[in-house]
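Written out below as structure tokens is the structure these notes cover.
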Amino acid sequence: MVGGALGLLSGWVFAGRSGELIPQLDAGDFALNMTLDPGSSLAESIQLTRQAQRILKRKFPDVLQIVGKIGTSQIPTDPLSLEDSDQIIILKDRTVSVLAHLPDTGPDAARVATLLPGQYVSARIITGRTPQRTLSEGAIVPGGEVSYAYYQVKADAKGSTYHRFSLRPGATDQGQVAVRLLDKLTDTTRLVVKGAYFLDAERSKGEGE
């Protein structure tokens, strides 16, 4: 009686577990299909599949795990021959935890310190560092392929004197523009960081007169 009950129980367990033991793909993972020459044996398929998995792991450090499937499973929803194999390539977790510190002072501290459902904090993560000359958008006067900016020559009781210099603008990020200077300037040059349009308008008035 006990043996019959165990037999029924084991049959129910294995019936419930039938199917393909293939992990679910997450965003960023890959599915790779390999096809061998017709007539290849199961041993050849296994050997070449393992060889391909070793190459992928050696060439791509971000690969965490590779799960392969050869042929047709018990439930032929995706029938494959012995010459075909599916490779599920699972990548390492590349997410980064970011600690956001919300303001806890000021008149809006109570309102800002607690996020409501649906609100989120935006963060910027710098993964590399490349030195780059930049100027604020307000310091540049666009002029087609060549743009312009100003630097201070002298300042006294009568006012200030400025000179214009040429540059080529690049990418813009958060109000800062990457620039390549076309005129040679020293590191101690006092650059105008805003109000370049005003200076350029005054310069144009002087040329018109």
Part of a loop (DSSP other than H, G, I, E, B), within 30 Å of Arg54 (Cα to Cα), at pLDDT below 75 and under 27 Å from the mean Cα position of the chain (by Cα): does that describe Val96? yes
Considering segment 154-184 alone, what residues qualify as being out of contact with any Lys or Arg (no Cβ under 8 Å at 6 or more places or on another chain), in contact (Cβ under 8 Å) with a residue 24 or more places away in the chain and either loosely packed, with under 14 Cβ neighbours inside 10 Å or among the basic types (Lys, Arg) (or both)? Thr172, Gly175
All positions within segment 159-175 that are touching a Leu at 6+ places or on another chain (Cβ under 7 Å) and either under 14 Å from Leu135 (Cβ atoms) or of a type in the set (A, V, I, L, M, F, W, C) (or both): Phe165, Ser166, Leu167, Arg168
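The values are calculated or read from the model by the stated rules, or taken from the named source; none is laboratory data. Bear in mind that the values here come from a model prediction, so they are computed numbers and not experimental data. Neighbour counts are summed over all protein chains in view; Cβ atoms, including those assigned to glycine, are modelled from backbone coordinates with ideal geometry.
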